[in-house]
C-alpha cells in the first residue's frame, strides 16, 4: 500500500484537470470539434471522447495510430490528416512544441492554425526550463508564453519572422511540480543510503505539493489558451 501511495504522489500532476477545465469552459454543452495534435496513446483523446466531445487525434507514429484505432479512438496519421479539410473549434497541443526548433515550430503551429476556425481556440501545454528538462532525449528547447506571442501576436515584435495566423492570449496557468534532486550520482547508479534519503525527500516534497493542491512546488510548465483572430 505504501508503494502505491508513493507512486501516486510522485505522479500527481494537476495539469490534466486544468487543461480539461479550459476545454469545458471553451466548449459549452460539449458542442464543437476538438483536434488533439500529437495525441500519443490518447491520454486526452480518451477523456474527450468519453466526455462526449467530437474529438479527433493526429499522431505521427503509425503504430500508435493503429493502437488508438483498435481502442475505438478516432485517430489519423499526419498524412491522412493532411488529406482531409476539416476545420476545428479547438486545437490542443500538449507537450509538443518543446520538440521543435523555433522556425520549424512556427511552420508547425501555423499549419494547424490553418485548420482552426476564426474565433477558435488553441491550448498549448508545455514545460519550462528546469534541471530535468533535457531528461527527455528529444526535447529541443522550452518556450515562454511571451515568445509565442512575439511571433503569433499582432504587435510586430522585433523577431526574425512572423506567423501568418494571429493569436491573442486569453488565459494562462503555470504548473508546479514537487522539488527534486536531479544531478546526483545515485539517480543513475542507485543503491545505498543516499537513494533512500532522496526518495524520502521526494516523497515529502510530493506530499507537500499534493496537500497544497498544487500550490507549493517548483514552477516548471504552463498552459496557455489562445484565440485565433482574423482569418
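The values are calculated or read from the model by the stated rules, or taken from the named source; none is laboratory data. From a predicted model like this one, the values you see are computed outputs, not experimental measurements. Positions of Cβ are backbone-derived with ideal geometry, glycine not excepted, and every protein chain shown enters the neighbour counts.
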If I filter region 163-173 for residues that are surrounded by 15 or more Cβ atoms within 10 Å (Cβ to Cβ), touching a helix residue (DSSP H, G or I) at 6+ places or on another chain (Cβ under 9 Å), modelled with pLDDT of 95 or more and part of a loop (DSSP other than H, G, I, E, B), do I get at least one hit?
yes
The one condition in (1) in contact with a helix residue (DSSP H, G or I) (Cβ under 8 Å, 6 or more places away or on another chain); (2) assigned to a helix (DSSP H, G or I); (3) surrounded by fewer than 15 Cβ atoms within 10 Å (Cβ to Cβ) that residue 19 fails to fulfil
(3)
Identify all residues within region 145-156 that are touching a residue at least 24 places away in the same chain (Cβ under 8 Å) and part of a loop (DSSP other than H, G, I, E, B); write none if there are none.
154
Out of 123, 109, I need the residue that is closer than 20 Å to residue 93 by Cα, touching a helix residue (DSSP H, G or I) at 6+ places or on another chain (Cβ under 9 Å) and either free of Cβ contacts under 8 Å to residues at least 40 places away in the same chain or part of a helix (DSSP H, G or I) (or both). Which one?
109
Within region 53-70, count every residue that is within 27 Å of residue 136 (Cα to Cα) and outside any helix (DSSP H, G or I).
6
Here is a check on your reading of the model: is residue 227 surrounded by 13 or more Cβ atoms within 10 Å (Cβ to Cβ), closer than 28 Å to residue 91 by Cβ and touching a strand residue (DSSP E or B) at 6+ places or on another chain (Cβ under 9 Å)?
yes
Among the residues of region 207-226, which ones are out of contact with any helix residue (DSSP H, G or I) (no Cβ under 9 Å at 6 or more places or on another chain) and farther than 14 Å from residue 175 by Cβ?
208, 211
Residues (modelled with pLDDT of 95 or more, in a loop (DSSP other than H, G, I, E, B) and under 21 Å from residue 65 (Cβ atoms)) located in region 78-104
95, 96, 100
If a residue has to be within 24 Å of residue 20 (Cβ to Cβ) and touching a strand residue (DSSP E or B) at 6+ places or on another chain (Cβ under 8 Å) to count, how many in region 71-117 make the cut?
24
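Kindly indicate whether any position in region 208-226 is in contact (Cβ under 8 Å) with a residue 60 or more places away in the chain, under 24 Å from the mean Cα position of the chain (by Cα) and in a helix (DSSP H, G or I).
There is at least one residue in region 208-226 that is in contact (Cβ under 8 Å) with a residue 60 or more places away in the chain, under 24 Å from the mean Cα position of the chain (by Cα) and in a helix (DSSP H, G or I).
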Quick one: how many residues across region 30-69 are loosely packed, with under 15 Cβ neighbours inside 10 Å and at pLDDT 95 or above?
3
